[in-house]
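To start, the structure itself, in structure tokens.
Values in this text are rule-based calculations from the coordinates and carry no lab data. Being a predicted model, the structure only gives us computed values, none of them experimental. So basically every Cβ, Gly included, is an ideal-geometry build from the backbone, and we count neighbours across all protein chains shown.
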DNA sequence: AGTCGTTGCTAACACGGTTTAGCTCGACGG
DNA sequence: CCGTCGAGCTAAACCGTGTTAGCAACGACT
């Protein structure tokens with residue numbers, strides 16, 4: 001049972017003014033439209049006493065603005081990464097006094113279209129289309145609302161959609177630099193490399209991380225000591241690649257993994273071989289998964305700024321349409337822990 | 001700029017009927033109110049041709065129903081657990097053709113009240129109040145919409161709120177039974193115990209898991225071989241407790257950890273002592289964190305059914321008010337992996 | 001022939017706000 | 001004494017749908 005809500009008409013009646021006046025006062029246009037101070041005060045007081053709350057549906061209907069955003073991701077669950085991204089989006093929305101609709105397309109274009117439709121029906125003020133792993137996707141057409149791609153690159157380069165992505169190239173450089181700074185010259189790659197062609201398909205993150213790594217090593221006149229491409233980046237794959245590395249008579253040096261899960265596998269392989277991090281091998285990776293701080297020693301990793309990504313995507317929705325095009329690359333900060341030692 | 005939407009009036013005009021007729025046909029009340037078949041057909045066809053979509057704001061205003069739920073959690077980010085719970089809630093909402101608002105209170109009652117207010121303003125059809133770790137909380141008053149507590153217990157027991165929680169007692173029994181079935185008699189607890197009083201404050205999960213464990217052991221005429229309470233359940237704490245256990249001259253047996261993170265710490269301590277899972281120690285725990293499948297050997301754990309929890313909370317919102325009271329305990333299934341061996 | 005019931009549709013109001021156009025009244029200038 | 005102007009407020013239209021009451025036409029029955 002909904003107890004009956006207090007309406008604007010109730011407030012107006014109790015304050016002895018017209019609905020118009022009450023509306024003007026409560027939307028802070030009282031001065032602009034010359035409502036006297038005493039009347040304004042009375043209206044506000046009555047509204048507070050009655051605990052008046054405007055009916056959002058009615059405001060949406062009239063103004064076309066819902067103070068609501070939509071956030072569609074392809075997968076929410078695969079990683080807690082998503083959680084942080086959503087958290088950032090919620091915070092971004094909150095700052096602008098908006099609420100957030102959330103939806104999950106599970107990678108299906110049809111389901112995504114359905115969600116966009118449902119959101120547009122509800123007059124959202126903008127939609128963020130997010131992916132949990134960086135990849136290319138077509139831009140949905142005819143949405144009629146501001147759109148932002150998050151962690152996703154439009155297939156059609158001409159499409160005028162603002163894009164927010166992590167700076168993976170910078171991250172690659174940062175990871176390599178961390179090892180170089182510690183004095184390492186023999187750097188083994190786990191997950192991709194050693195040449196730019198050795199990258200798992202469809203993953204832009206892998207491609208760009210490798211690009212950054214090769215740049216930074218190149219600047220120091222170096223190349224990777226070795227590289228092992230993994231099609232999938234789970235701990236098991238990291239374990240296999242690292243075990244293979246150890247069996248090739250490598251007993252020390254630096255290992256650069258393309259994500260934290262591969263690094264977990266590397267830790268396991270190193271420990272099972274009776275070797276130690278960081279005394280025998282220095283390890284560095286990407287993502288800053290929760291896991292990284294749990295390992296012994298703590299894993300040094302270049303963090304995916306999920307919270308920032310979510311927040312900035314919402315901000316991008318609100319940018320004026322002219323500004324709102326082109327890429328925003330969010331920096332990926334290095335989280336130094338205990339996994340890097342001297343060579 | 002929004003291109004102008006097609007309205008019901010446009011459809012009616014194009015089909016040569018009144019708005020009323022169009023409305024009746026499109027809300028499937030045409031037969032009931034005797035609109036002839038040819039007219040119905042024409043209206044539907046025209047609506048499809050014009051890609052007519054009803055304006056949700058207007059429907060909400062008229063009917064008071066928004067086909068929208070709210071989901072408020074105290075923390076989204078701490079764990080990917082939240083991700084699955086949200087995923088379940090989204091799926092539950094989708095099944096009933098609803099959208100989901102999401103909000104995060106960060107544990108603040110004020111912020112929670114603000115979110116509830118904003119959602120009620122938007123005429124949500126119900127609100128789920130979720131917590132990421134089971135605990136007690138007061139029931140917000142005067143919401144005027146269906147409410148469900150998820151993973152949270154009302155402080156005031158008389159409060160008539162449906163509650164959806166995981167069956168932690170059953171989980172405790174299942175974990176203990178898994179070890180008993182493998183033949184273990186010496187079972188060491190990490191995180192809580194050995195007596196019911198040895199539980200970290202404010203955690204209902206800990207209390208109930210312990211209760212289940214003690215019940216199951218009691219049924220077999222046993223007591224825990226030892227127990228170490230940890231105020232916080234991070235890997236570091238599990239490592240310390242397990243290291244202490246190993247230093248007390250225990251060189252084998254079964255370890256029952258109160259969550260997967262503690263179990264990670266246990267793995268680390270065992271490996272650093274030169275011992276092995278499951279040859280020297282069998283390990284079992286709770287949660288089924290992503291981590292559990294990544295460890296070597298895979299960690300046997302009793303899963304928190306986050307997805308189910310989220311889904312059922314939404315279902316509970318839709319249950320008729322009379323039914324909608326009391327607890328629903330969602331079973332926690334055992335995920336058997338490789339961490340249990342013979343004694 | 002008049003009454004009644006049925007079929008097939010529509011006029012008009014309601015929902016709760018925002019916004020535009022305009023009304024009233026007193027002061028003031030000519 | 002009349003016209004003008006600004007201050008301070010309000011009537012009424014509007015957003016797009018759902019819903020109630022009822023109208024016109026027509027055949028059936030008394």
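What the table below lists for this structure:
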| quantity | calculated |
| --- | --- |
| Within a Gaussian network of chain A (alpha carbon springs, distance under 10 Å), most fluctuating of A:301, A:243, A:21 | A:21 |
| Residue order, fewest to most beta carbons within 10 Å, for A:204, B:314 | A:204, B:314 |
| Residue-averaged beta-carbon neighbours from other chains (10 angstrom radius) around B:263-272 | 2 |
| Computed P(r) (all Cα pairs; the range A:14-145; 10 Å bins; percent) | 11, 31, 25, 16, 13, 4 |
| Rounded to 10°, Cα long-axis angle of helix B:235-247 versus longest principal axis of chain B | 20 |
| Spatial separation of Cα centroids for the range A:127-161 and the range B:95-117, in angstrom | 27 |
| Chain B: angle of helix B:306-318 to the longest principal axis, Cα-based, in degrees nearest 10 | 40 |
| GNM result for chain B, Cα springs below 10 Å: residue of B:288, B:167, B:156 fluctuating most strongly | B:156 |
| Chain A - share of DSSP beta bridges that are antiparallel (%, nearest 5) | 5 |
| Between helix A:204-219 and chain A: long-axis angle, C-alpha atoms, 0 to 90°, nearest 10 | 50 |
| Cβ-based exposure ranking for B:233, B:239, in which fewest neighbours within 10 Å come first | B:239, B:233 |
| Ascending list, in nanometres, of distances separating the residue A:234 label from those of the other copies (7 Å, Cα toward Cβ) | 2.9 |
| Cα gyration tensor shape of the range A:8-54, rounded if a/c is under 1.5, else prolate or oblate by comparing a/b with b/c | prolate |
| GNM flexibility winner over chain A from A:15, A:130, A:269 (Cα, springs under 10 Å) | A:15 |
| Segments A:248-256, B:304-312 sorted - mean Cβ within 10 Å per residue, highest first | B:304-312, A:248-256 |
| The protein assembly as shown - share of DSSP beta bridges that are antiparallel (%, nearest 5) | 10 |
| Shortest-first distances to equivalent copies, position residue B:334, nm, label 7 Å out along Cβ | 4.8 |
| Average beta-carbon neighbours from other chains, 10 Å sphere, peptide B:84-97 | 3 |
| Burial ordering of B:24, A:202, fewest other beta-carbon atoms within 10 Å first | A:202, B:24 |
| Overall Cα dimensions of chain A, principal axis frame, Å, largest first | 89, 41, 38 |
| Three-way shape call for the range A:168-304 based on the alpha-carbon gyration tensor, with the a/c threshold at 1.5 | rounded |
| Spread of Cα-to-Cα distances over 20 Å intervals beginning at zero, given as percent, for the protein assembly as shown | 16, 42, 31, 10, 0 |
| Helix-only mean residue ellipticity at 222 nm for chain A, each DSSP H run of n ≥ 4 adding -39500 (n - 2.57), per residue, nearest 500 | -12500 deg cm²/dmol |
| Label distances, nm, residue B:197 versus same residue in remaining copies, Cβ-directed 7 Å point | 7.2 |
